[in-house]
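Reading through the C-alpha cells given below for one structure.
Quick note: the coordinates plus some simple rules give every number you see, no bench work behind them. Just so it is clear, the model here is predicted, and its values are computed rather than measured. Here the Cβ positions follow ideal geometry from the backbone for every residue, glycine too, while neighbour counts run over all protein chains shown.
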Amino acid sequence: MMNNSPHDKFASIDIGTNTIRLLIACFDNGALHAIKRSLNITRLGKGFHNTGKIGEEAFWASIEVLIGYAAQITEFGVKSTRVCATGVLRKADNAGEFVNEAYKRTGLNIQIISGDKEAAMTATGVKSAIDTGSAGSIIFDVGGGSTEFIFSHGSHDAVVLSLDIGAVTLYESTVKNDPPSADELTAMNKTVRDAIKGLIKKTAGCIDSDASLIFTAGTATTLAAMSLKMGSYDPDMINNYTITYDELKTLYKELITKTMCERMHITGIEKGREDVIVSGAAIAINVMEIFKKDKMIISDSGLLEGIIIDSPGKETKI
C-alpha cells in the first residue's frame, strides 16, 4: 500500500439518476477532509420508465457537467480520480453510449457499480463521519433510481441490500397531478411499503432493537435543510442532525399540499428536487414506520466519501 502525502488530493464522482456530484478531498492523519464539492441536478432518469433509455437532453447536460468536473479536477491537481455510476445507468439501453461519450470528451473512466457495492461504499462514507454506536445501525440511502440499505451489528455489516425503487422512479411511476392526488399518494406509499417489507424477512435476527437509523444522500440532506430552514447549505450542520418521526410527518404534509412551484420557495429545497422530495420523504417515513424508529440521524457523508476511501492505495483510519 503506497503512502499518501497530506498534500495529495483525491476526487470522486457519483453519477446518479437525479444528480451528478463531485468531491475533491485530501487525507490528514487518516481522516478525509473535503476541499471542493459540486452538485448538479441533470435528471438522467427522467422518463426512463417509459423508454428504457437516457433522454437526449439529460444525456448531453450530464456530459457537459462531467466536462466541467474534469476541468476542476485538473485545476486542483488531483492525484487520483474514481467515477462511479449508479441507478439508471445500471439499466439504460444507452448506458454504454453515455460511458463512451464521457470518456471521449473528458478522459473520465466511468465504473457502473452494483447496488450492493454502492451500499457498501455508502456505509464506509457514513462511518467516516457518524458514530454508528455499539448497538449497530440501519443505514439507508434513497437515490433517484434505487434505495440501498446496510444493516450492521457493531463493526460488522451483516446485510447489504439494494431495492430497485428510488425517488425519481417512484415519483414518475405514481404521480401525474400537481400536487399529488390522494389516490396517487396511496399508491406511492403502498409501492414503498411492499418493497421494504421484503427486507424484514432477509434481516431477521441481525438487527439490534436499539440500532440507530441513519439516513444519507440528497433526500436526507434536503429534509434536514428544510428542518433547519437552511438558506445556505452547511454540511457540518447536517452531519449528526436528528429528525424525529413527528417532524418528518409535518414536513411531508407540507410537501404534499403544495405544488412544485410552491415547493421551490420552501427554504432548504434546491431547484430540481421540488417534485421528487415528495417521494423521497415518503420512502423515509415508511422506513421509520416499518423499522419502528421514532428518530433518524442525517449524514451528509456517504457514497462520495466511500468511493475515495474504498479506492486502492489509500492509507485511511475510519
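Given the Cα-Cα distance of Q111 and D210 and 0.36 nm per residue of separation, how much length would full extension add, in nm? Stretched out fully, the Q111 to D210 stretch lengthens by 32.0 nm.
Between the entries (1) 75, 48, 34; (2) 48, 43, 36; (3) 54, 47, 37, the label attached to Cα extents along the principal axes in Å calculated for this structure is (3).
The stretch between E97 and E262, if pulled fully straight at 0.36 nm per residue, gains 55.7 nm over its current Cα-Cα span. Lysine pairs in region 200-284 whose alpha-carbon atoms fall under 27 angstrom of each other, counting only those eight or more residues apart or on distinct chains, come to 9.
Toward the positive end of the charge dipole of the chain, with +1 on the Cβ of Lys and Arg and -1 on the Cβ of Asp and Glu, the farthest Cα among S232, G302, A220 is that of G302. Pairs of lysines in region 32-121 whose Cα atoms sit within less than 29 Å of one another amount to 15, provided the residues are eight or more positions apart or on different chains. Where both bridge residues fall in the chain, DSSP classifies roughly 65% of the beta bridges as antiparallel. Starting from the Cα gyration tensor of region 130-300, take the square roots of the eigenvalues, sort them a ≥ b ≥ c, and report rounded, prolate or oblate (rounded when a/c is under 1.5, otherwise prolate if a/b is larger than b/c, else oblate). Here region 130-300 falls in the oblate category. Let a ≥ b ≥ c be the square roots of the eigenvalues of the Cα gyration tensor of region 170-265; is it rounded (a/c under 1.5), or, if not, prolate (a/b larger than b/c) or oblate? Oblate, because a/c is 1.5 or more while a/b does not exceed b/c. For the chain, the 222 nm mean residue ellipticity estimated from helices alone, with every DSSP H stretch of n ≥ 4 adding -39500 (n - 2.57) and the total spread over all residues, rounds to -12500 deg cm²/dmol.
Which percentage, to the nearest 5, of the DSSP beta bridges contained in region 130-300 is antiparallel? Within region 130-300, antiparallel bridges account for around 70 percent of the total. For a paramagnetic label modelled on E270 (point 7 Å from Cα along Cα→Cβ), amide N atoms under 20 Å away belong, within region 48-66, to 58-66. Here the dipole of the chain is about 220 debye; that uses its Cα centre as origin and unit charges on the Cβ of Lys and Arg (positive) and Asp and Glu (negative). Modelled spin labels at D178 and T51, positioned 7 Å past Cα toward Cβ, are 1.9 nm from each other.
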